[in-house]
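Notes follow once the structure below has been shown.
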Amino acid sequence: MIVVAITGASGVIYGIRLLEALKEAGKRTALLVTEPARIIIDYELDISPDELKKLCYRIYDSKDLTAAINSGSCRFESMVIVPATMKTVSAISQGYASNAVTRTADVALKEHRQLVIVPRETPLRQVHLENMLKLSQEGAIILPAMPAFYHQPKSMEDLVDFVVGKILDVLHIDHHLYRRWREEVP
């Protein structure tokens with residue numbers, strides 16, 4: 001199972017598209033959505049909670065510190081936080097597990113499971129960079145939401161798919177969401 005957490009930064013489309021791609025790949029997902037993320041989802045995408053439920057195997061309450069995924073005995077494969085707020089990045093880097101997102105990330109790090117953090121903030125302060133460096137040194141993969149242009153995107157969906165494709169790449173999940181560098185055009 002792959003845990004996907006959506007926090008309250010702009011760019012929730014990345015998290016939703018990741019859920020779609022993981023479902024298409026036949027992967028089971030557990031979803032955490034923070035309260036600020038729900039507001040952003042309503043503002044940016046207007047997706048209903050029922051539509052979210054259809055994209056994942058299980059939804060956990062982001063405030064529930066007793067959720068199964070908050071324990072090292074829960075054997076999830078990896079966790080992706082997309083988009084990740086700087087508040088979430090800061091909490092994880094400081095070991096402040098105050099909600100199910102930061103606690104599950106803490107479990108991923110302490111159990112040496114894959115943790116992918118997709119920060120969506122610009123510009124960055126020194127403390128943001130220091131927090132991300134600290135997490136990288138602990139084994140987290142920092143994958144900023146920075147689309148490329150060598151695949152000649154034609155739409156916003158192409159830009160989103162590039163970032164989601166990079167997430168799938170680090171999770172070692174095959175996909176065809178974007179044309180790779182120097183790949184022949186079909």
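FYI, it's all coordinate maths here, none of it is from the lab. Just so it is clear, the model here is predicted, and its values are computed rather than measured. Neighbour counts run over all protein chains shown; Cβ positions are idealised from the backbone, glycine included.
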* Asked: Under 5 Å between amide H atoms, partner at least 5 residues away or on a different chain: which partners does residue 59 have, H built in plane at 1.01 Å?
  -> 31
* Structure fact -> Connecting every pair of Cα atoms under 10 Å apart in the chain and solving the GNM, the largest mean-square fluctuation among 162, 149, 76 falls on 149
* Straight-distance crosslink candidates among aspartates and glutamates, where the alpha carbon sits under 20 Å from residue 27 and sequence neighbours closer than 8 are dropped -> 50, 51, 77, 161, 169, 174
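Residue 138 to residue 98: extension gain in nm, 0.36 nm per residue of separation minus the Cα-Cα distance?
On the way: separation 40, 0.36 × 40 = 14.40 nm, distance 1.93 nm.
Full-extension gain reported as 12.5 nm.
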* Asked: What shape does the stretch 2-170 have by the C-alpha gyration tensor, where a ≥ b ≥ c are the square roots of the eigenvalues, rounded means a/c under 1.5, and otherwise prolate means a/b greater than b/c and oblate the rest?
  -> rounded
* Asked: For the peptides 47-54, 1-8, what is the packing order when you average, over each peptide's residues, the other Cβ atoms within 10 Å and list the highest mean first?
  -> 1-8, 47-54
* Name the residue, out of 57, 14, 43, whose mean-square fluctuation peaks in a Gaussian network model built on the chain with Cα pairs under 10 Å. => 43
* For helix 156-170, what angle does its Cα long axis make with the longest principal axis of the chain, in degrees from 0 to 90 and rounded to 10? -> 60
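Using a ≥ b ≥ c from the Cα gyration tensor of the stretch 83-129 (square roots of the eigenvalues), is it rounded, prolate or oblate, where a/c under 1.5 gives rounded and otherwise the larger of a/b and b/c decides, a/b for prolate? Before the final figure, lay out the partial values.
Values: a/c = 2.06, a/b = 1.75, b/c = 1.17.
Prolate, because a/c is 1.5 or more and a/b exceeds b/c.
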* Structure fact -> Longest principal axis of the chain (C-alpha) makes with the long axis of helix 12-24 (C-alpha) an angle, in degrees to the nearest 10, of 80
* Asked: Counting Lys and Arg as +1 and Asp and Glu as -1, what is the net charge of the other residues whose Cβ lies under 12 Å from the Cβ of residue 143?
  -> +1
* Using alpha-carbon pairs under 8 Å, 6+ residues apart, how would you state the relative contact order of the stretch 1-148 in percent? -> 25
* With the chain treated as a Gaussian network of Cα nodes joined by springs under 10 Å, which of 86, 132, 146 yields the largest mean-square fluctuation? -> 146
* Structure fact -> Excluding residues fewer than 8 positions from residue 110 in its own chain, the lysines with Cα under 18 Å of it are 134
* To do: Express in whole angstrom the spacing between the alpha-carbon centres of the stretch 110-186 and the stretch 31-80.
  => 20
* **Built amide H within the under 5 Å cut-off of residue 116, gap 5+** => 79, 80, 81, 141
